[in-house]
Amino acid sequence: MTWISCLSKLVRRMKAAYPGVVLAAIAGLGDAVTYDARADTADAAEICVLVPHFKDEYWLSVAFGVEQAAEEHGLIPVFHEAGGYRAVQRQIEQIETCQADGSQAILIGVVSSGDPELLTAMDMARVPVFGFVNETASPSLNGFVGVDWRDMGRIIGLHIAERHPAGTAERTAVLVTGPIEAGWTAPLEIGLRSGLATSAVTLTDAFHADTGVSEQLVEVENALQEFGDADYLIGSAPAIEAAMGLKATGVALDMPILIATYASHSVLRGVSGGQVQAVAFDDPQAQGRMAIRLVARALGGGPDETAESPTIELLTQSSRNRALFRLSPPAFFPIDE
């Protein structure tokens, strides 16, 4: 991946202005990794937690919620990071590893919503499988926790439509988002276009890449090169982090208005400082906690309940309760203790 070395000077420059951006990028530069958050109780049930990667700060907040709730319920979460949204075979291998290691359940944020081999591996698992955050087409899940990503896109589209209603001056927007095969990208764009339907804003194109800062930076640069006169750049958290870095380092001073499709530490700082106009907030910490509660109920023989999901909020600099919307602690990372 020679493009990483090509971007190394820019990444070093971005580090000084946005250290959180680089932390997220560094966290995901390696291959698939396993993190074992061991509890003190020898008889605690072990569960596998499979995530696409930790290149994106969003998943760190999900993991923090998982660890918090797991401790409360006497569970041991063992985190497996696939390494990216295109690491389907690696996630399939991790499903088998979890069963071979004696895990009593699998909690999975899928790297692909509909890959046939991944769906088969989930369907054939010998332990209960629960989904969270990323939508999956598997019919055999024992439960799922997550928001509807159509609503994540729609709340952004409606925000822009309120600022630029139909009949006012025409505007354009460009979207930089995750890979097409990820379960959340298509619903997000559908919801965004739905929200924009009553606006004067046209979504000109969508750029797709894995959601690490380095990968999203490339697509941000491509989007700006092709649509440099766009009024809005709507992007994943790493895309917006990259755009903030480009502007802060002087690489791209004339930046469109930035709106994030989901939150990270760097994005929330950007909202607070006015560099980012708005972000859709789906409380990733809460999703981690809710998912563990779902697993704990199932393992404990508790009653089946309707799948939970947080309320989606749109955060702006003027949001009065912005300080209440928290992510994981800045230094948090799931490590082998």
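Tabulated results
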| quantity | calculated |
| --- | --- |
| Only one of VAL22, VAL11, VAL62 that is at pLDDT below 95, farther than 22 Å from ALA125 by Cα and open to solvent by less than 20 Å² (accessible area, probe 1.4 Å) | VAL22 |
| Complete set of residues in region 246-261 that are surrounded by 24 or more Cβ atoms within 10 Å (Cβ to Cβ) and either in a loop (DSSP other than H, G, I, E, B) or at pLDDT below 95 (or both) | THR261 |
| Residue within region 181-198 that is within 16 Å of ALA263 (Cα to Cα), in a helix (DSSP H, G or I), in contact with a Ser or Thr (Cβ under 7 Å, 6 or more places away or on another chain) and of a type in the set (Ser, Thr, Tyr) present | yes |
| Positions within region 294-337 being in a helix (DSSP H, G or I) and either modelled with pLDDT of 95 or more or open to solvent by less than 70 Å² (accessible area, probe 1.4 Å) (or both), in sequence order | LEU294, VAL295, ALA296, ARG297, ALA298, LEU299, ARG322 |
| Residue list for region 171-180, filter: closer than 18 Å to ILE259 by Cα and open to solvent by 20 Å² or more (accessible area, probe 1.4 Å) | ARG171, THR172 |
| Of the criteria (1) open to solvent by less than 20 Å² (accessible area, probe 1.4 Å); (2) of a type in the set (Val, Ile, Thr); (3) not in a strand (DSSP E or B), which one VAL78 fails | (3) |
| Test: residue in region 100-107 that is among the acidic types (Asp, Glu) and within 26 Å of ARG293 (Cβ to Cβ) | yes |
| Any chance THR202 is free of Cβ contacts under 8 Å to residues at least 60 places away in the same chain, assigned to a strand (DSSP E or B) and over 19 Å from VAL279 (Cβ atoms) | yes |
| Enumeration of residues in region 81-109 that are among the aliphatic types (A, V, I, L, M) and surrounded by 16 or more Cβ atoms within 10 Å (Cβ to Cβ) | ALA82, ALA87, VAL88, ILE92, ILE95, ALA105, ILE106, LEU107, ILE108 |
| Subset of region 133-159 [open to solvent by less than 30 Å² (accessible area, probe 1.4 Å) and more than 16 Å from PHE281 (Cα to Cα)] | THR136, SER138, GLY143 |
| Test: GLU57 is surrounded by 23 or more Cβ atoms within 10 Å (Cβ to Cβ) and either of a type in the set (Phe, Trp, Tyr) or at pLDDT below 95 (or both) | yes |
| Some residue of region 60-69 being of a type in the set (Phe, Trp, Tyr) and in a helix (DSSP H, G or I) | yes |
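The values are calculated or read from the model by the stated rules, or taken from the named source; none is laboratory data. These numbers come from a predicted model, not from an experiment. Using ideal geometry, Cβ is built from the backbone for each residue, glycine included, and neighbour counts are taken over all protein chains shown. Note: accessible area is taken over every heavy atom of the protein model, side chains too, but ligands, DNA and RNA are not part of it. Shrake-Rupley method; radii C 1.70, N 1.55, O 1.52, S 1.80 Å.
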